[in-house]
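Working notes for the structure below.
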């Protein structure tokens, strides 16, 4: 439930009216979005999700398909609304999910919880962003351009983000990943994120019969297990760089009676800056117990720290909202971090409240949709001034 304290004050009338119009439509639009199974990398699912979004855009939007950062993926969606003012603001999100077609769960209502694949990560946020762009059409004299970028590869991108430079002339980026509340129950957004890296280590040993001649083999599984243990020792979330090192996937072996001759290990690393991961990479030897090891960073996500830049806009937005907006931080990666290096201000976490991202019980809190829409409208309004 959303704490009563977060709903107590009255927002500016235009903000309240706009949020009410968004709330009237958001349930059914969310159901349509979640109803599409769009696992990352699935071309047909992405195309269907894009078609659903295009149907919800205002007539004034100029729709463009731009190449995805990941080869072989469906093109990303860019919708722009031109205006006669000066501000240029980007609304950002993604349509892909981690849930495969076999595990897909359409939206289900269970009291306050709306369950469904991708509901909180991040189709709930997409639904709010669509409401925001529709509301802004009526005040087009306050901006030069409002753009909505929805990508199809955020959940498992191994290639550099392709769109940062395109928006270098924009004043701000608002990303609609899941929202949160502050410690006192106040509305919160995300202004700081850790840098993130996915590390893959490939092991090449020698297979052998595990019963007849096990000592002729060179066990890749054991080598990778030892490396996982060594690298996990760098884990120091309360240290100078707040570094986390978590082995996440280990695949090795071809049969129950075969010494594993090859394998691969994945690790998830997070820190305040990407440089902090270098000692971890350097700790991987070229060879361990005659098993050759090869390490590569398959994706790098920059960090984001907008605490200083966001302070004044959040304070002004809180005044319009009639309640404070807390500047929070999060360890999870987001495309907002890629835009943070190209625009003066990037703020994330404008989506609804919920839990269970990437899990079968993924859900959002229905009563958070309207107040989070109010937060998004209030902050956008400040950025247009």
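The values are calculated or read from the model by the stated rules, or taken from the named source; none is laboratory data. Since this is a predicted model, take the numbers as computed values, not measurements. In this analysis, Cβ positions are derived from the backbone assuming ideal geometry, glycine residues included, and neighbour counts consider all displayed protein chains.
Points worth noting:
- Test set (1) without any contact (Cβ under 8 Å) to a residue 24 or more places away in the chain; (2) in a loop (DSSP other than H, G, I, E, B); (3) surrounded by 14 or more Cβ atoms within 10 Å (Cβ to Cβ) - residue 73 fails condition number: (1)
- Selection status of residue 147, in contact with a helix residue (DSSP H, G or I) (Cβ under 6 Å, 6 or more places away or on another chain) and in contact (Cβ under 8 Å) with a residue 12 or more places away in the chain: no
- Lone unmet requirement of (1) touching a strand residue (DSSP E or B) at 6+ places or on another chain (Cβ under 7 Å); (2) part of a strand (DSSP E or B); (3) surrounded by fewer than 19 Cβ atoms within 10 Å (Cβ to Cβ) for residue 109: (1)
- Filter result for residue 289 (in contact (Cβ under 8 Å) with a residue 60 or more places away in the chain and more than 23 Å from the chain's Cα centre (by Cα)): yes
- Looking across the stretch 151-189, the residues that are out of contact with any helix residue (DSSP H, G or I) (no Cβ under 6 Å at 6 or more places or on another chain), farther than 30 Å from residue 228 by Cβ and not in a loop (DSSP other than H, G, I, E, B) come down to 151, 165, 166, 167, 174, 180, 181, 188, 189.
- Condition check for residue 63: surrounded by fewer than 16 Cβ atoms within 10 Å (Cβ to Cβ) and either modelled with pLDDT of 95 or more or in the same structural domain as residue 145 (by TED's automatic domain parsing) (or both): yes
- Residue 190 being assigned by TED's automatic domain parsing to the domain that holds residue 347 and buried (at least 17 other Cβ atoms within 10 Å of the Cβ): yes
- For the stretch 201-229, a residue qualifies if it is assigned to a helix (DSSP H, G or I) and within 9 Å of residue 263 (Cβ to Cβ), and the qualifying residues are 220, 221, 223, 224.
- Out of 205, 225, 211, 253, sole residue that is surrounded by 23 or more Cβ atoms within 10 Å (Cβ to Cβ), modelled with pLDDT of 95 or more, outside the structural domain of residue 348 (by TED's automatic domain parsing) and over 30 Å from residue 322 (Cα atoms): 205
- Within the stretch 76-95, the only residue that satisfies the criterion of being under 16 Å from residue 336 (Cα atoms) and part of a loop (DSSP other than H, G, I, E, B) is 95.
- Flag for residue 274 being within 16 Å of residue 297 (Cα to Cα), surrounded by 15 or more Cβ atoms within 10 Å (Cβ to Cβ), in contact with a strand residue (DSSP E or B) (Cβ under 9 Å, 6 or more places away or on another chain) and at pLDDT below 95: yes
- The helices (runs of 4 or more DSSP H) located wholly in the stretch 260-376 that include 3 or more residues which are touching a helix residue (DSSP H, G or I) at 6+ places or on another chain (Cβ under 8 Å) and under 21 Å from residue 183 (Cα atoms) occupy 307-321.
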